[in-house]
1. Per-residue ellipticity at 222 nm for the chain, helices alone: DSSP H runs ≥ 4 residues times -39500 (n - 2.57), over residue total, nearest 500 deg cm²/dmol?
2. Would you mind computing Rg(Cα) / (2.2 N^0.38 Å) for the chain, counting N as its residues?
3. Contour minus end-to-end for Val47 and Asn31, with contour as 0.36 nm per residue of separation and end-to-end as the Cα-Cα distance?
4. Return one number: the angle in degrees, 0 to 90 and rounded to the nearest 10, between the long axis of the Cα atoms of helix 2-60 and the longest principal axis of the Cα atoms of the chain.
5. At 1.4 Å probe size, what's the solvent-accessible area of Val29? Round to the nearest 10 Å².
6. Using a 1.4 angstrom probe on the protein heavy atoms only, could you order Glu39, Glu13 from most to least accessible area?
7. So for Leu32, Leu56, what's the accessible-area order with a 1.4 Å probe, most first?
8. Using the crude model of +1 on Lys and Arg Cβ and -1 on Asp and Glu Cβ, and no other charge, please compute the dipole size for the chain relative to its Cα centre, in debye to 20.
Amino acid sequence: MAALAAYMGSSWERARRAFFDVKVGRQRVSNLKQAAARERLHAIIIVGIAILVIFLIARHG
């Protein structure tokens with residue numbers, strides 16, 4: 001009986017750890033997706049401003 005209780009306890013602990021590891025992993029993926037979206041937005045803004053500056057220089061130059 002003690003062996004079964006020890007096995008069930010370790011099994012429960014592994015399941016609990018796996019659940020929280022998945023939660024942390026999902027949060028990390030979410031954070032990476034948000035960072036990638038921010039970087040894409042920054043790149044689009046920089047390219048847009050560069051195109052605007054080139055257009056203004058060509059128009060007035």
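The values are calculated or read from the model by the stated rules, or taken from the named source; none is laboratory data. The model shown is predicted, which means the values in this text are computed figures rather than measured ones. Note: ideal-geometry Cβ built from the backbone for every residue, glycine included; neighbour counts use all protein chains shown. These accessible areas exclude ligands, DNA and RNA; they are computed on the full protein's heavy atoms, side chains included. Shrake-Rupley method; radii C 1.70, N 1.55, O 1.52, S 1.80 Å.
1. Numbers: 1 runs with 59 residues, N = 61.
Helix-only estimate at 222 nm: -36500 deg cm²/dmol.
2. Numbers: Rg = 26.4 Å, N = 61, 2.2 N^0.38 = 10.5 Å.
Normalised by 2.2 N^0.38 Å, the Cα Rg of the chain equals 2.51.
3. On the way: separation 16, 0.36 × 16 = 5.76 nm, distance 2.44 nm.
Stretched fully, the Val47-Asn31 segment lengthens by 3.3 nm.
4. 0
5. Its heavy atoms expose roughly 70 Å² to the probe.
6. Working: Glu39 120, Glu13 55 Å².
Ranking Glu39, Glu13 by accessible area, largest first, yields Glu39, Glu13.
7. Details: Leu32 115, Leu56 75 Å².
These residues rank, largest area first, as Leu32, Leu56.
8. On the way: 10 positive and 3 negative charges, 17 e Å.
I would put it at about 80 debye.
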